[in-house]
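K.L.:
One structure follows; several queries about it will come next.
The values are calculated or read from the model by the stated rules, or taken from the named source; none is laboratory data. Being a predicted model, the structure only gives us computed values, none of them experimental. When we count neighbours, we look across all protein chains shown, and the Cβ atoms used for this are built from the backbone with ideal geometry, even at glycine.
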Amino acid sequence: MTQTASLPVKVLIALADEWREMLQQVLEQAGFSVLLADSKNEALSIIQMQSPSAVVMISDWALESDKGKADGLMESVKGKIPTVSLISQRTWQDARYRWFDYLYHPPLHEYCSVPVGREELIVRLEKALKATANTVGS
């Protein structure tokens with residue numbers, strides 16, 4: 001990972017499943033500082049208090065809403081913080097999620113399907129972070 005600052009980039013992993021520890025290990029080995037959340041409210045609290053540079057989330061969970069509204073974590077951070085969403089193939093095949101790439105498109109958002117490889121995850125995360133730096137610098 002290429003970093004311009006002396007401190008590691010903080011990444012919030014927002015999910016509550018078996019992928020969490022694996023993603024934490026992969027990102028820490030790549031030089032990122034990792035924060036963990038297992039709910040939307042916890043993630044939003046961490047974002048407010050710790051200002052992570054990016055969020056990695058499972059979109060199946062992040063897009064959930066109680067009453068069919070787009071009030072998940074993704075909607076809360078869209079356009080404000082770089083995100084990488086991991087989408088299961090089964091979910092991607094669901095017609096409700098086919099609009100995903102149109103609604104949450106780059107530059108601030110990247111997505112990839114799970115299972116995801118280490119290199120792909122890091123490349124997507126760095127791409128989202130780089131796009132943010134370019135947007136801020138414009």
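K.L.:
For the subset of the range 8-22 comprising residues that are at pLDDT 85 or above and not in a helix (DSSP H, G or I), which member is surrounded by the most Cβ atoms within 10 Å (Cβ to Cβ)?
P.N.:
Among them, the one singled out is Ala14.
K.L.:
Tell me whether the range 113-136 contains one or more residues that are surrounded by fewer than 16 Cβ atoms within 10 Å (Cβ to Cβ), at pLDDT below 60 and under 14 Å from the mean Cα position of the chain (by Cα).
P.N.:
Among the residues of the range 113-136, not one is surrounded by fewer than 16 Cβ atoms within 10 Å (Cβ to Cβ), at pLDDT below 60 and under 14 Å from the mean Cα position of the chain (by Cα), which makes the answer no.
K.L.:
Kindly indicate whether Ile46 is in contact with a strand residue (DSSP E or B) (Cβ under 7 Å, 6 or more places away or on another chain) and at pLDDT below 80.
P.N.:
So Ile46 fails the test.
K.L.:
Taking only the range 23-37 into account, find how many residues are surrounded by 14 or more Cβ atoms within 10 Å (Cβ to Cβ) and of a type outside the set (Val, Ile, Thr).
P.N.:
Residues that pass the stated criteria total 9.
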